[in-house]
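K.L.:
Before anything else, here's the structure in question.
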Amino acid sequence: MADTLTSDDPRYRELFDVSKETLAGGGKVQGDLSSAMTDLLQQAPVLKGSLAELLQLPAEHGMWETPREHYTLLNFAACDRALRENLVFSSEGYKESMGVMRMGENILSMTGTKHLAYRKIFQPKFVRPVALSLWRPKWIYSAVNALLDRLLDRKTADLNLELCARLPVHVVTEGMGLGGERALEFREHLLRSTVLTAGVSQEEIVESAIVVTSMLQGLINQRREEPADDVVSAMVLGKLEQEDGTFRPLTDDEIINNCRLIMIAGGGTTWRQLGITLNALLSNYSLWEACRGNRDMIEPAIDEGARWLPTDPTFPRLVMKDVEIEGVKIPAGARVDMCLGAANRDPSRWENPAVYDPFRARQNHLGFGMGPHRCLGMEVAKQEMVLAINGLMDRFPNMVLDDTVPPPMVLGGTHQRGYSSVPVRFK
């Protein structure tokens, strides 16, 4: 793993650039939209129109196959309710997203007992005790050490590329069972064949899909013969509970489809959220010092980062029946945008919500989702970030943001955002 993990492969710069990711996904690069989102919340908790329309942004290319009446949920109560009531505000709307459906049917677009039956197979590999007892010692710790050791002789670095981008993609690839040496090759083809297709020919999409399927099929075949302590082995050995109470193994296609989803999310969201947390701490240096002095504060700092600036500020849902929410009647068949970027800064729930404050009283936020579709890999992601920040504080306790280079900026669209860089100087 170490050779690929610590190499100077140019694919890191290509695959882990927020602006390039946004453009390749068909979106337009924007700055930090947090204030604009909360301005909408000041108007009303629910507004008619998509979030992009309300912010007067260009529509994202090819996002939806079916045009629908659109509403945006903006306050905490509305978004929290929509996330929890998944049979009314349904994830099945993803079936109208070409990017998602290129992955094949997976748990992202399922609801109810069907979603629960599939999730029961994967979830045990991602719960907090397993994140602590398996992922942390077996895959995360060694990757963090290898990445930070190579920085010991540096005076400066962009941690976005040197740490934030590299750690999650290797950890999820190892944890799935594919092997970290194949992490970049797999991710390049995975993204090209599913969600990052703007400017890519249909022939290239098909070719990359074949590569992804071949790599995953080879792993499945291997794990059927020799199970290991990884996620694909759990999928191979797991039994799906059916409506009549009987159980059956997952098909190869079912495993492959859900692998695509887990590996896209696991290699992307943690990259951006770790950069958000590091920039927040280093921009408020007393908070960096506070966490350095009390390492128990690191996890609350990560959690607060996901509230203050969630990397995925918007999620869609399809309304399955006429419903009234926060006094607004929304008809069946409408699409809603749940604007978590605004809901996580709802002043009725948090005092000074625009301020990043790891010391604030902890209460539920929506940065990792909520309800049946709450982030599957949340606990693994937190351990990656905890160990990364701890490692930086151990090796570079007086590290500061590098003020000799352009300052980092929040970039991205309405669905994915992160910092352009995390430039630091090692003292």
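The values are calculated or read from the model by the stated rules, or taken from the named source; none is laboratory data. What you are looking at is a predicted structure, and each value in this text was computed from that prediction instead of being measured. When we count neighbours, we look across all protein chains shown, and the Cβ atoms used for this are built from the backbone with ideal geometry, even at glycine. Keep in mind that these areas ignore ligands, DNA and RNA; they rest on the heavy atoms of the full protein, side chains included. Shrake-Rupley method; radii C 1.70, N 1.55, O 1.52, S 1.80 Å.
K.L.:
Based on the Cα gyration tensor of region 330-381, what are the three equivalent ellipsoid semi-axes, each the root of five times an eigenvalue, rounded to whole Å and given largest first?
P.N.:
Taking √(5λ) for each eigenvalue gives 24, 18, 8 Å, largest first.
K.L.:
Using the Cα atoms as the points, what is the convex hull volume per residue of region 353-427 in Å³?
P.N.:
About 143 Å³ per residue, rounded to a whole number.
K.L.:
In addition: What does the helix-only formula give at 222 nm for the chain: each DSSP H stretch with n ≥ 4 adding -39500 (n - 2.57), the total divided by the residues, and the result rounded to the nearest 500 deg cm²/dmol?
P.N.:
Result for the chain: -13500 deg cm²/dmol, rounded to the nearest 500.
K.L.:
Which number comes out as Rg/Rh for region 94-172 once both Rg and the Kirkwood Rh are worked out on C-alpha atoms?
P.N.:
That ratio is 1.14, to two decimals.
K.L.:
Across region 156-163, in residue order, what do the Karplus-derived ³J(HN,Hα) couplings come to in whole Hz, using 6.51 cos²θ - 1.76 cosθ + 1.60 with θ = phi - 60° and x for Gly and Pro?
P.N.:
3J(HN,Hα) across region 156-163, in whole Hz: 9, 6, 9, 5, 4, 8, 7, 9.
K.L.:
Subtract the Cα-Cα distance of D244 and N145 from 0.36 nm times their separation in residues, and report this length gain in nm to one decimal.
P.N.:
30.8 nm
K.L.:
I'd like the Kirkwood hydrodynamic radius of region 187-311, using the inverse of the mean 1/r over distinct C-alpha pairs, in Å.
P.N.:
The answer is 17.7 Å.
K.L.:
Next up: Starting from the Cα gyration tensor of region 72-131, take the square roots of the eigenvalues, sort them a ≥ b ≥ c, and report rounded, prolate or oblate (rounded when a/c is under 1.5, otherwise prolate if a/b is larger than b/c, else oblate).
P.N.:
It is oblate, given that a/c is not under 1.5 and a/b is not larger than b/c.
K.L.:
Is the C-alpha gyration tensor of region 312-357 telling us rounded, prolate or oblate? Criteria: a/c under 1.5 is rounded; beyond that, a/b larger than b/c is prolate, otherwise oblate.
P.N.:
Judged from the Cα gyration tensor, region 312-357 comes out oblate (a/c at least 1.5, b/c at or above a/b).
K.L.:
Along the charge dipole of region 142-220, Cβ charges K/R +1 and D/E -1, which of M176, I205, A165 sits furthest on the positive end?
P.N.:
A165
K.L.:
Also, quick follow-up: Calculate the dipole size of region 296-427 relative to its Cα centre from +1 charges on Lys and Arg beta carbons and -1 charges on Asp and Glu beta carbons; express the result in debye to the nearest 20.
P.N.:
220
K.L.:
Let me ask something else about it. When the Debye formula is applied to the Cα atoms of the chain, each taken as the same point scatterer, what base-10 log of I(q)/I(0) results at q = 0.13, 0.14 Å⁻¹?
P.N.:
For the chain, the Cα-only Debye profile gives -1.20, -1.41.
K.L.:
Give, in whole angstrom and from largest to smallest, the semi-axes √(5λ) of the equivalent ellipsoid of region 258-377, with λ running over the eigenvalues of the Cα gyration tensor.
P.N.:
The three semi-axes for region 258-377 are 30, 19, 11 Å.
K.L.:
Averaging over all projection directions, find the projected area of the Cα convex hull of region 47-191 and quote it in nm² with one decimal place.
P.N.:
Over every viewing direction, the Cα hull of region 47-191 projects on average to 12.6 nm².
K.L.:
Within region 66-179, what whole-number % of the accessible surface is contributed by carbon and sulfur, with the 1.4 Å probe and all protein chains included in the calculation?
P.N.:
On region 66-179, the fraction of accessible area on carbon and sulfur atoms equals 56 percent.
K.L.:
Starting from the 7 Å offset along Cα-to-Cβ, what nm value, one decimal, do you get for the label separation of D9 and E85?
P.N.:
4.6
K.L.:
Over the chain, with the other protein chains present, what is the accessible area per residue in square angstrom, probe 1.4 angstrom?
P.N.:
Dividing the accessible area of the chain by its residue count gives 41 Å².
K.L.:
Return, for the Cα atoms of region 29-99, the radius of gyration and Dmax in Å, separated by a comma.
P.N.:
Cα radius of gyration and Dmax of region 29-99 are 13.1, 34 Å respectively.
K.L.:
Would you work out what percent of the accessible area of region 325-406, with all protein chains in place, is carbon or sulfur (probe 1.4 Å)?
P.N.:
Heavy-atom surface of region 325-406 belonging to carbon and sulfur, 1.4 Å probe: 50 percent.
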